[in-house]
Amino acid sequence: MLARVWSASIIGIDAIKVGVEVDVSGGLPGIVILGLPDSAIQESKERVKATLKNAGFNFPIRKIVINLTPADLRKEGPSFDLPISVGILAASEQVNPDLLGDFLFLGEVSLDGSLRPVSGVLPIAATAEKMGITGIVVPADNAQEAAVVGGLNVYSCQNITDVVNLLNNPTNHQPIQLNQNIKNHPKIYSNIADLQDVKGQSHARRALEIAASGGHNLIFVGPPGSGKTMLARRLPGILPPLEFSESLEVTRIYSVAGLLKDRGSLVRERPFRSPHHSASGPSLVGGGSFPRPGEISLSHRGVLFLDELTEFKRDVLEFLRQPLEDGYVTISRTRQSASFPAQFTLVASTNPCPCGFYGDTIQPCTCSPRQREQYWAKLSGPLMDRIDLQVAVNRLKPEEITQASTGEASKSVRERVQKARDIATNRFQSEKILNCNAQMQSRHLQTWCKLDDASKNLLEAAIRKLGLSARASDRILKVSRTIADLAGDENLKPQHVAEAIQYRTIDRMQ
């Protein structure tokens, strides 16, 4: 007998509907899986066989042919365990096949019959809803993740027996409801480091506020112990909370990457990723024979923090140039390619030289000019052009270190950031692709970043003196626009441009 069960496969952060055809017929007993399965799917033959026997079902001692369609699409992962199990039960007439065309099945099976969670459930559920699938059957641990998608009946099952009971007696089972806390989408900041812990560094704090308001990339340069890392780790606390639509985007990425298990069914905080400087290029941008998101995509709508930037390999840092400009990354492989969103704020920190004390007023630098030149040569001009705010962080004064008073709290800074972002949102109503000032393109600058004569002369002088490229000058205009929004000014003024220019003074520090 022939049975067909629906499942899905992930490509990038999207899903493709996959048919699992199972034929049980006469011949020598055995199981054959067709349709470009990977090793995990090939191994499912033994898992499914043991699962069905241990759960009390009859495993047909006949020839079983399993075909995964479309046949030219590579399939991977243990999520096909459940649809294969259901297909065998349907083909051997142990379950009612009437609902198989309406449901989509996902799940890994254990040898005792229980269902284990799998990755990529959210994008698969979203695809199933668009394709008119009535319901989706998933392991209990994936149920709330799938329930985020409205208009789709989600059935939670603990084991293979629950799935069989659902198919044979559908009226006895009700789809689960999305948790009310998730519907309300609470904003959580309690576990995020607060800016009030930072003493002094008013210039760096101002740069953080500008970066958060406009989504601008930022680098801190200063001697060891000046507070560069401490400042960077407090940026998420002053960023506006994720909108529900943004939260869904981030959750899709984390679902595909298999990182959603510890975050619940919905990512509600802006991501903050801090890979070690030994990270490889594929780990940063994504890769693999079946493309998976890298650190830059896991930072989507959040922050990618590269501590000790000059310790990263130069070729690894060059991978960042295209995603910083385009907001997405495309991973191409022989059989398929996948695109991942990568709209993130880059925050980096580094010492000014190998010993770390160049320009310090207390500790003398022991590096030669040649050593400093080689040190900064790791950062190419095109990469530095894409960093809007370049801030020198100086050593704290003794009286600042011992002061008892705290700085301004993240909450009050976040309120100003939110107001500036609201101004930008209203401005970009006609441009749906824009979320913040940093995403503006040249054509947008001509409309929203017009300069008066004084501001224009100031910018031209800075371009001549600092040798800035056209890209760097555009980014000065974007930062100026953000500074004006923070001040509540509709038009750019010379003081806005002047403040933006001062953040470009360490472009090629040597």
ARG292 of a type outside the set (Gly, Ala, Ser), open to solvent by 10 Å² or more (accessible area, probe 1.4 Å) and within 26 Å of ARG372 (Cα to Cα): no
Cβ pairs under 8 Å, 6+ apart, first in the stretch 62-91 and more than 20 Å from GLY113 (Cβ to Cβ), second open to solvent by less than 20 Å² (accessible area, probe 1.4 Å) and part of a helix (DSSP H, G or I): LEU68/ILE41; LEU68/PHE80; LYS75/ILE41; GLU76/ILE41
Criterion (at pLDDT below 95 and either surrounded by fewer than 18 Cβ atoms within 10 Å (Cβ to Cβ) or not β-branched (Val, Ile, Thr) (or both)) met by exactly one of LEU34, LEU68, LEU28, LEU52: LEU28
Wholly enclosed helices (runs of 4 or more DSSP H) of the stretch 429-510 bearing at least 2 residues of a type in the set (Asp, Glu): 453-466, 470-487
LEU434 being within 29 Å of the chain's Cα centre (by Cα) and either surrounded by 13 or more Cβ atoms within 10 Å (Cβ to Cβ) or within 30 Å of HIS277 (Cβ to Cβ) (or both): yes
Selection within the stretch 267-310 - of a type in the set (Ser, Thr, Tyr) and over 15 Å from PRO236 (Cβ atoms): SER278, SER280, SER283, SER289, SER297, THR310
Residue under evaluation GLY19, criteria (1) within 23 Å of GLU129 (Cβ to Cβ); (2) part of a helix (DSSP H, G or I); (3) modelled with pLDDT of 95 or more, criterion not met: (2)
Qualifying residue in the stretch 323-340 (condition: assigned to a strand (DSSP E or B), at pLDDT 90 or above, on the phi > 0 side of the Ramachandran plot and surrounded by 15 or more Cβ atoms within 10 Å (Cβ to Cβ)): no
Restricting the stretch 1-25 to residues that are open to solvent by 40 Å² or more (accessible area, probe 1.4 Å), within 14 Å of PHE80 (Cβ to Cβ) and hydrophobic (A, V, I, L, M, F, W, C), the residue that is nearest to the chain's Cα centre (by Cα): ILE16
So ILE33, is it out of contact with any Gly (no Cβ under 6 Å at 6 or more places or on another chain), closer than 28 Å to ILE133 by Cα and assigned to a helix (DSSP H, G or I): no
Answer residue from the stretch 442-461, given it is surrounded by 12 or more Cβ atoms within 10 Å (Cβ to Cβ) and free of Cβ contacts under 8 Å to residues at least 24 places away in the same chain and is farthest from the chain's Cα centre (by Cα) among those: ASN457
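The values are calculated or read from the model by the stated rules, or taken from the named source; none is laboratory data. Everything numeric here is computed off the predicted structure, so don't read it as measured data. All Cβ positions, glycine included, derive from the backbone under ideal geometry; neighbour counts span all protein chains shown. Quick note on the areas: whole protein, heavy atoms, side chains included, nothing else; ligands and nucleic acids left out. Shrake-Rupley method; radii C 1.70, N 1.55, O 1.52, S 1.80 Å.
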